[in-house]
1. With in a loop (DSSP other than H, G, I, E, B) and open to solvent by 50 Å² or more (accessible area, probe 1.4 Å) as the only criterion, which of Val12, Val25, Val73 stands out?
2. Residues Gly37, Gly69, Gly11: which one is more than 12 Å from the chain's Cα centre (by Cα) and at pLDDT 90 or above?
3. Which ones in the stretch 59-70 are in a helix (DSSP H, G or I) and either within 21 Å of Gly11 (Cβ to Cβ) or open to solvent by less than 80 Å² (accessible area, probe 1.4 Å) (or both)?
4. Is it true that Val10 is β-branched (Val, Ile, Thr), in contact (Cβ under 8 Å) with a residue 60 or more places away in the chain and closer than 18 Å to Asp71 by Cα?
5. Among the residues of the stretch 44-55, are any touching an Asp or Glu at 6+ places or on another chain (Cβ under 6 Å), at pLDDT 85 or above and surrounded by 11 or more Cβ atoms within 10 Å (Cβ to Cβ)?
6. When the stretch 7-54 is examined, which residues are found to be among the hydrophobic types (A, V, I, L, M, F, W, C) and either touching a Phe, Trp or Tyr at 6+ places or on another chain (Cβ under 7 Å) or farther than 12 Å from Leu75 by Cα (or both)?
7. Quick one: how many residues across the stretch 32-58 are under 17 Å from Trp6 (Cβ atoms) and either touching a residue at least 24 places away in the same chain (Cβ under 8 Å) or in a loop (DSSP other than H, G, I, E, B) (or both)?
Amino acid sequence: MEARMWNGLVGVAKETYTASLGEGVVPRPLMTPLVRGELAGLIWVRPLKAGQDALAGIAALANIAAAAGADEVVLA
């Protein structure tokens, strides 16, 4: 992945999560699958409950990345 794209993805995630936490909101995990360095989409995990449900919901994101044929993912 191109460094500029990587820095942009990471920067947006950091800004969004920092702003959300500053407002007392815990953002849901976000995954961005990439195929050959191209962004295939943005996927937020469904609303979660603490514990096993959270683990299952986050793990389910892998199915979406696999369906897209992603060779890289960014998870925030």
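1. Working: Val12 fails: in a loop (DSSP other than H, G, I, E, B); Val73 fails: in a loop (DSSP other than H, G, I, E, B).
None of the others qualify; the one that does is Val25.
2. Numbers: Gly37 fails: at pLDDT 90 or above; Gly11 fails: at pLDDT 90 or above.
Step by step, each of Gly37, Gly69, Gly11 is checked, and only Gly69 is more than 12 Å from the chain's Cα centre (by Cα) and at pLDDT 90 or above.
3. So in the stretch 59-70, the residues in a helix (DSSP H, G or I) come out as 59-68.
If the condition is that a residue be in a helix (DSSP H, G or I) and either within 21 Å of Gly11 (Cβ to Cβ) or open to solvent by less than 80 Å² (accessible area, probe 1.4 Å) (or both), then Ala59, Ala60, Leu61, Ala62, Ile64, Ala65, Ala66, Ala68 are the ones that fit.
4. Values: β-branched (Val, Ile, Thr): yes; in contact (Cβ under 8 Å) with a residue 60 or more places away in the chain: yes; closer than 18 Å to Asp71 by Cα: yes.
Yes, satisfied.
5. Going through the stretch 44-55, the residues touching an Asp or Glu at 6+ places or on another chain (Cβ under 6 Å) turn out to be none.
Scanning the stretch 44-55, I find no residue that is touching an Asp or Glu at 6+ places or on another chain (Cβ under 6 Å), at pLDDT 85 or above and surrounded by 11 or more Cβ atoms within 10 Å (Cβ to Cβ), so the answer is no.
6. Val12, Ala19, Leu21, Val25, Val26, Leu30, Val35, Leu39, Ala40, Leu48, Ala50, Ala54
7. Our first condition is that a residue be under 17 Å from Trp6 (Cβ atoms); within the stretch 32-58, this holds for 32-42.
Filter again for either touching a residue at least 24 places away in the same chain (Cβ under 8 Å) or in a loop (DSSP other than H, G, I, E, B) (or both), leaving 32-37, 39-42.
Residues meeting the conditions: 10.
The values are calculated or read from the model by the stated rules, or taken from the named source; none is laboratory data. Remember, it's a predicted structure, so these values are computed and weren't measured experimentally. Neighbour counts run over all protein chains shown; Cβ positions are idealised from the backbone, glycine included. Surface areas here come from the heavy atoms of the whole protein model, side chains and all, with no ligands, DNA or RNA. Shrake-Rupley method; radii C 1.70, N 1.55, O 1.52, S 1.80 Å.
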